[in-house]
Amino acid sequence: MKKVVLLTAAALIALVMGCSKSGNNAIKVGSIGPLSGAVAVYGVECKNGIDLAVEEINAAGGVNGQLIEIIAEDDEGNPEKSVSAYKKLVTKDAVKYIIGSLTSGCTQAITQSAQAQKIVQIAPAATAPAITDAGNYIFRACFIDPFQGTVGGKFAADNLGANSAAILYDIGNDYSVGLKENFFKEFERLGGRVIAQESYNTGDKDFNAQITKIKNVNPDVIYLPDYYGTVALIAKQLRAQGIVKPIVGADGWDGLTENAGEEVLNGYYSNHYATDSDSPAVQKFVSAFNTKYGKNPNAFAALGYDSVYLLKDAIAKAGTTDGAAVRDALEATDGDYVTGHLTFDEKRNPIKSAVILEMARGSKGELTTQYKATVNP
């Protein structure tokens, strides 16, 4: 019996050593995002996209003969927890690359540290312009708020034919404020008039006072630059007061299909891609995601997926996992991805198109989105 135990122990030690060796040879990539909390739909979907990309890459042999290992951390959409997750990934897990976080505040909480420690950071969906100001190790896969706000203003004026607009925004949220400012500039540049600007505070639930003021000026369109949970609440209160005019927003609306109803119909928002695109890359991704998860991928899933492939392509091009070499290769990106053909500008922000999606009813009556228009940079 003792001999059997000893042999079993030896076999287990050999197995563990073999796994450790394999793990040490893997390319470790950290991911940070809200896997729980108020905006968990963003983080969970992004993580699903990341996992699908890693699964595909590893099944094809990895990168330069090495597999990719994702080490995921949940920051709950809290910048302080983003910092803790970053420190854990860099010190304990010794990652050289980080994908994340998702929201701009959480992402910006770690950019200075990533730059100082020469950690390649790719932000899938953080759209605030200042994100990449930290330095040349900071990249993003999404377009930035000035472009998105401009897209919203142009769509409202050109596609919806609106002459007047009201804006209802979160005064304490940089994402919401930045979109508001750029929508205002573009809409008025095109000859429209913003006849009401009403604000609220993060966490507010009752918007009826602001909506009453908007109703009194009767705008052609209402711009709602916020995240899906707040947008759903505002839309209900708008419709309850009899305002049926179009509402327009940005990528923070992604998630409405699972969290809203009739109130968001006649709603449009700028986003990073459309699931009903005829692009072969999009259709391949959507099909694979559906097979794995049983549903269509939202933009956060697509951006997470693209972030992994951006990193994979840069490592392959560099021929090494050296952070500086991978950074250089990433900066020279010029390729086709799910969210479009992508190159980087001098601030490592992607140069690519935006799409406008319309909230609609599907064939079975379910709330869904459909492609409405493309707006080029």
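The values are calculated or read from the model by the stated rules, or taken from the named source; none is laboratory data. What you see is a predicted model, and the numbers here were worked out from it, not measured in a lab. Because the Cβ atoms are built from the backbone with ideal geometry, glycine has one as well, and the counts that use them run over all protein chains shown. Just so you know, the surface numbers come from the protein's heavy atoms only, side chains and all, with ligands and any DNA or RNA stripped out. Shrake-Rupley method; radii C 1.70, N 1.55, O 1.52, S 1.80 Å.
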From the helices alone, meaning DSSP H stretches of at least four residues, give me the mean residue ellipticity at 222 nm for the chain, per-run term -39500 (n - 2.57), in deg cm²/dmol to the nearest 500.
-13500 deg cm²/dmol
Return the long-range amide H neighbours of T127 (sequence gap of 5 or more, or a different chain), with a cut-off of under 5 Å between placed amide H atoms.
S104
With a 10 Å radius around each residue's Cβ, average the other Cβ atoms per peptide and rank 207-214, 360-367, 48-55, 136-143, highest first.
136-143, 48-55, 207-214, 360-367
Across 10 Å bins from the origin, how do the percents of Cα pairs in segment 87-151 run, short distances first?
23, 54, 18, 4, 0
In nm, to one decimal, how far is the A38 label point from the D278 one, both placed 7 Å along Cα→Cβ?
4.2 nm
Holding the Cα-Cα limit at 27 Å, pick out from K284/K372; K245/K352; K81/K292 the pairs that are longer than that.
K245/K352; K81/K292
Of the accessible area of segment 222-365, computed with a 1.4 Å probe and all protein chains kept, carbon and sulfur make up a percent value of 50 percent
Taking only Cα atoms, what is the 0 to 90° angle, nearest 10, from helix 174-189's long axis to the longest principal axis of the chain?
50 degrees
Proximal lysines to K347, defined as alpha-carbon separation beneath 22 angstrom and excluding residues fewer than eight positions away on the same chain
K96, K118, K312, K317
Given segment 48-114 reduced to its alpha-carbon atoms as identical point scatterers, what log10 I(q)/I(0) does the Debye formula return at q = 0.11, 0.13 Å⁻¹?
-0.30, -0.41
Rg/Rg_globular for segment 244-368, with Rg_globular taken as 2.2 N^0.38 Å and Rg from C-alpha atoms:
1.23
By how many degrees, 0 to 90 and rounded to 10, does the Cα axis of helix 104-116 deviate from the longest principal axis of the chain?
40 degrees
On C-alpha positions alone, give me the angle between the axis of helix 208-217 and the longest principal axis of the chain, in degrees, nearest 10.
50 degrees
In square angstrom, what is the accessible area per residue of segment 197-344 with a 1.4 angstrom probe?
39 Å²
Using Cα centres only, tell me the gap between segment 40-88 and segment 295-314 in whole Å.
10 Å
Mind sorting out which of [x] 21.2; [y] 20.1; [z] 17.1 is the real mean projected area of the Cα convex hull in nm² computed from the coordinates?
[x]
Per the Cauchy relation, a quarter of the hull surface: what is the mean projected area of the convex hull of the alpha carbons in segment 28-167, in nm²?
10.3 nm²
Arranged from highest to lowest average of other beta-carbon atoms within 10 Å per residue, in what order do the peptides 178-184, 322-328 appear?
178-184, 322-328
Comparing A123, A166, A94 in a Gaussian network model of the chain (Cα, 10 Å), the one with the largest mean-square fluctuation is A94
Local electrostatic count, D93, Cβ distance below 14 Å [Lys/Arg +1, Asp/Glu -1]:
+3
